[in-house]
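Read the structure below first, then the notes.
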Amino acid sequence: MNTLKSILLVEDNPHDAEMTLVALASNNLSNSVIHVGDGEEALDYLYARGKFGQRAPGNPIVILLDLKMPKMDGLEVLRALKADATLKTVPVVMLTSSREEQDLVRSYALGVNAYVVKPVNFQQFVESVKQIGVFWTMHNEPPPGSIRRSS
Amino acid sequence: MKSLVSRHLLLAGLTLSLALLVGVAWINWAHSYHWQDTVRRVSHAEQVRAELDRLFIQIQDLETGSRGFVMTGDPGFLAPFDAVVDKIEGQFRTVRALTADNPREQADCDLLAPLLARKIAIAQGNVNLRKSAGADVAREAVGGGSGRAVMDEIRAVITRMRGEEAALLAQRSEAAEKEARKARALTATGTGLGFALLAAVFVLLLRENQLRRRSQAALRAGAARLEAVVRSNQLIMEHSLDVICTIDEQGRFVFLSAACERFWGYTPEELAGRPCIDLVCPEDHAKTNRAAADIMAGKPVRDFENRYHRKDGSLIPVVWSAVWSAEDRIMFCVAHDVTERKRAEAEIGRLNAELRQRAAQLQSLFESLPGLYLVLTPDLVITAVSDAYLKATMTTRAGIIGRGLFEVFPDNPDDPAADGTSNLRASLDRVRRHRAPDTMAIQKYDVRRPDGTFEERFWSPVNSPVVGADGQLEYIIHRVEDVTDFVRQKSAVPADDRTLQARMQQMEAEIYQRAQEIQSVMGRLRAANDELESFSYSVSHDLRAPLRHIEGFAGMLSAHAAATLDDKGRRYLTVIADSARRMGVLIDDLLAFARIGRAELSRSPIRLDELVRDVRQSLAGEINGRRIEWDLQALPVVQGDPNLLRQVFANLIGNSVKYTGRQPEARISVSPAVDPEAPDAIAVAVRDNGAGFDMKYAHKLFGVFQRLHSASEFEGTGVGLANVRRIIERHGGRTWAEGELGKGAAFYFSLPRESASAPADPSLS
């Protein structure tokens, strides 16, 4: 069964990743999510190289990007994406626990499409993630060349 | 004017038409004589013809008589014959007389006379022959024919004469006819013209009449106006404060307005006819007479002043305006009482003198000041100088007043290091710009001796502005102190004063060392600040992650194991999640508190009362429909950071809302207050009738995480008031509180009136 993975979740913390996946699963969105643990891996996936060399072609319809990650952090990934002609159209949502104004300002300066602070309250967190998933996969019309979610 | 022209025209028209009519009459008159003459001539011609006929008949009678007697011998024929012979003589004389005026006819008469004589002679001869010789001889003589020839000649002459008369008659009739035609034509033309002119004159007269009526109306209006003018003139005369009068050629008052009584104490009646010079003060006689002569020479006089004696003997100064009317031979004058003006002038003169005296006093005071002063205009021209300054700079007042400062005091051209003028110029520029005194460092400023050489001097100058009522710079006072001696002493340290010099060097070294220390502390502080910043960043990110996980997994567990957990198990999970959440809130508040310390203040004018109203509205959720009696009073505008000050009110008013939650009738007021420690500051009080607090814990109120109520009683983390204090302190103000347990609380903050002077915050948190 060749399900198309159309949400790219970049999250180094396995607990956060798991919570995000649970939240998405509660809306039947988890099947279309691919999770990578850091920025480098995210770029490998996007460029279909390294261990993702064999993946099906196409860009995710949205990237959920954590800010603080080992090796290559969210802002660096964002800068690389927005500098690349084929990737800069992919919507990027910062999903982070940082409320720091400088993070917010720098993200927007680099061209992020949305910035969401992870709520401490679990129920609110589930709700936020759900809304992000539904908005980007259902309501938003992705740029051409995105992988459509299997219906 | 127009009516005059038409009057001339009328007269001319009338005259002309009359002349025409007279002419026509005269022509008719003349013609009637002519006519009479003609008639006379015609009748004369008729008469001539009749007389000629009568003559001829008489001649025929003569012939007939003579023949009858000759034929018949009847003496009956002789009687008429003799009568005729006598008559013919007379008749011929009549004809000659009638034709005396005609030479041709006279010539004919001359012809006729012998013919008549011969005829008569022949007839007489025949008669005589008959008588003497009988009928046959006489009959023969008659038949001889000489009588007939004479008779034919006579007939011819008479016929010519009759023809002459007839021709004359015809000629005269024709002439008379011509004359009559001419006379008719002249009469018709003259009469026609005369009537036309008369008609024109009539029309003109009508127009004239109309104009006259109009001008009469205008005249009446003019008269009404004149009356009004006269009335107003009367009013003016009666009420004018000035005397209006006329003076005749001999200098006597003719007419005076009512004011003369007030002026001179005489009524107009008393003065009329009196020479005005009688009233003039004798000293002013000469110039008054001169002025009068000028006026009468046609030069109007204005503002001529002389003094008059009043009836009571006092003098009154009067100013005259007068003009001469050559037509009326009279002077029209207006006199004005200048007593008050004179008094005012005298007063002004006195004040001026006093002012001059005071100014002189002040100037001499200023010039005698022991200090060295120079007063400059804003464009640096010297306007005043003290004697001491002149002495110190070896100058004279006359030599420097009115000249430019740097023109008078140039730098010593022999001293390449001279910077006195440029320093002074910079200082004066600062005074002009800031309108504030400027004290200069000690200047080396060499003084130019009168011989042009320079003498080394040191000065300590202060430049102070003199600002006028309109805020404009009026003068700059340049005050200097000659510190040459002091500077010389200082530089010439005596040999036995080495210890002092050493001490000074030591102190200088210490100052340098301290400065180095401060530098290093500043560096460390900056590093600590940076560290703190990255620490709070880590806290915000890393510390919260596990909390989220605790809460998240507790939540997932409760969802996952809901069926297998009993109440106790579920409660444990709830406590785990709540604790994690509370810690999250604490961390957020703490981070916010730290952020307040770090954030840059952005200052702008803020209407505090508007801010309060905004905050109250944003608290609607917390108020949740509760009945609260608000008393929000007008607050001033301050300079400050709008977001931070909003947070202050959000915390204070939010607290009031929270701590009055158990009051059935909550009251919250925001009003201006007074800071007892800084009465000038802008202070605000937020008061409520809520739970209040015990004053012995008041010092703890504004500390971080300090709470005077338990979380179960009132929710909260204890960071809000700490934030308030920090924000107000960052604005250069202070906070304090008053309260009583169970009675309510009052929280105050004050901001310096000039918020701009708030101390800069050294970014320490």
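Coordinate-derived values only; no laboratory data. Fair warning: this is a prediction, and the values are worked out from it, not measured in the lab. No Cβ is skipped: glycine too gets one built from the backbone with ideal geometry, and neighbour counts run over all protein chains shown.
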Could you name the lysines in cross-link range of B:Lys696, using Cα to Cα under 19 Å and dropping any fewer than eight places away on the same chain?
-> B:Lys743
Under a point spin-label approximation (7 Å from Cα along Cα-to-Cβ), what is the B:Arg503-B:Thr15 distance to one decimal in nm?
-> 13.4
Amide H partners (placed H, <5 Å) of B:Val385, local residues excluded | B:Val375
Going through the DSSP H helices of chain B, which span 20 Å or more along their own axis at the Cα atoms while scoring at least -0.5 as a mean Kyte-Doolittle hydropathy?
-> B:2-72, B:78-98, B:103-143, B:146-239, B:544-560, B:567-598, B:642-659
Counting only other chains, what is the mean number of Cβ atoms within 10 angstrom of the Cβ of each residue in peptide A:59-71?
-> 1
Go through region B:266-273 residue by residue and turn each phi into a ³J(HN,Hα) via Karplus (6.51, -1.76, 1.60, θ = phi - 60°); whole Hz please, and just put x for glycine and proline.
-> 9, 7, x, 5, 5, 8, 4, x
Just rank A:Val33, B:Val480, fewest to most, by other beta-carbon atoms within 10 angstrom.
-> A:Val33, B:Val480
Using the Cα gyration tensor of chain A, with a ≥ b ≥ c the square roots of its eigenvalues, what is the shape: rounded (a/c below 1.5), prolate (a/b larger than b/c) or oblate (neither)?
-> rounded
Sum up the charges of everything whose Cβ sits under 12 Å from the Cβ of B:Ala176, counting Lys and Arg as +1 and Asp and Glu as -1, but leave B:Ala176 out.
-> +2
If a/c stays under 1.5 just call it rounded; otherwise compare a/b with b/c (prolate if a/b is bigger, oblate if not). Do that for region B:195-251, with a ≥ b ≥ c from the square roots of the Cα gyration tensor eigenvalues.
-> oblate
Which whole-angstrom value gives the distance between the alpha carbon centres of region B:28-65 and region B:255-296?
-> 103
Where the eigenvalues come from the Cα gyration tensor of region B:264-395, what are the semi-axes √(5λ) of the equivalent ellipsoid, largest first, in whole Å?
-> 55, 18, 11
Calculated from DSSP H runs of 4 or more alone, at -39500 (n - 2.57) each and per residue, what is the 222 nm mean residue ellipticity of the protein assembly as shown, nearest 500?
-> -19000 deg cm²/dmol
If the chain between B:Ala592 and B:Arg252 were fully extended at 0.36 nm per residue, the gain over the current Cα-Cα distance would be 111.8 nm
Once phi is turned into ³J(HN,Hα) by the Karplus curve 6.51 cos²θ - 1.76 cosθ + 1.60 with θ = phi - 60°, what whole-Hz value does each residue of region A:43-55 show in order, with x for glycine and proline?
-> 5, 4, 4, 5, 8, 6, 10, x, 6, 9, x, 9, 5
Taking the alpha-carbon centre of each part, the distance from region A:21-41 to region B:216-238 in Å is 114
Please state the relative contact order of chain B as a whole percent: Cα pairs under 8 Å, 6+ residues apart?
-> 6
Assuming R0 = 45 Å, can you tell me the calculated FRET efficiency for the pair A:His139 and B:Arg753, based on Cβ-Cβ distance, to the nearest 0.05?
-> 0.25
Two-decimal Rg/Rh of region B:1-86 from alpha-carbon positions, Kirkwood Rh?
-> 1.72
Give the Rg (one decimal place) followed by the Dmax (whole number) of region B:98-227, computed from C-alpha coordinates and expressed in Å.
-> 39.1, 128
At a Förster distance of 41 Å, what's the computed FRET efficiency of B:Ile477 paired with B:Gln617, Cβ-Cβ distance as r, to 0.05?
-> 0.10
Per 5 Å bin from zero, what fraction in whole % of the C-alpha pairs of region B:602-764 is there, up to the bin with the longest pair?
-> 2, 9, 18, 24, 21, 15, 8, 3, 1, 0
Listing B:Lys119, A:Lys88 by rising number of other beta-carbon atoms within 10 angstrom, fewest first, gives A:Lys88, B:Lys119
Quick one, can you get me the convex hull of the C-alpha atoms of the protein assembly as shown expressed as volume per residue in Å³?
-> 750
Relative pair counts by distance (%), Cα atoms of region B:234-337, 5 Å bins = 3, 14, 25, 29, 20, 8, 1, 0
Roughly what % of Cα-Cα distances in region B:2-208 sit above 20 Å, to the whole percent?
-> 69
Too-long pairs where the Cα-Cα distance tops 21 Å, listed order kept, from A:Lys118/B:Lys658; A:Lys71/A:Lys130; B:Lys658/B:Lys700; B:Lys299/B:Lys342; B:Lys87/B:Lys119; A:Lys68/A:Lys118 | A:Lys118/B:Lys658; A:Lys71/A:Lys130; B:Lys299/B:Lys342
Rh (Kirkwood; distinct C-alpha pairs) - region B:497-576, Å | 18.2
With no solvent and one equal point scatterer placed on each C-alpha of region B:562-673, evaluate the Debye formula and give log10 I(q)/I(0) for q = 0.09, 0.16, 0.17 Å⁻¹, two decimals.
-> -0.39, -0.89, -0.95
Aspartates and glutamates whose Cα lies under 14 Å from that of B:Lys182, excluding same-chain neighbours fewer than 8 positions away = B:Glu174
If the cut-off is 12 Å between C-alpha atoms, which aspartates and glutamates fall inside it for B:Lys131, apart from same-chain ones fewer than 8 positions away?
-> B:Asp74
Dividing the convex hull volume of the alpha carbon atoms of chain B by its residue count, what do you get in Å³ per residue?
-> 709
Sorted from fewest to most neighbouring beta carbons within 10 Å, what does the list B:Asp438, A:Asp84, B:Asp609, B:Asp110 look like?
-> B:Asp110, A:Asp84, B:Asp609, B:Asp438
May I ask for the Kirkwood hydrodynamic radius of region B:706-753, worked out over all distinct Cα pairs and given in angstroms to one decimal?
-> 12.1
Take the alpha-carbon centre of region B:603-679, take the same for region A:60-106, and report the distance between them in whole Å.
-> 40
Sites A:Glu18 and A:Gln131 - FRET efficiency at Förster radius 25 Å, r taken between beta-carbons, to 0.05 = 0.85
D for region B:319-421, whole µm²/s, Stokes-Einstein with Kirkwood Rh over alpha-carbon pairs at 25 °C and 0.890 mPa s: what number?
-> 131
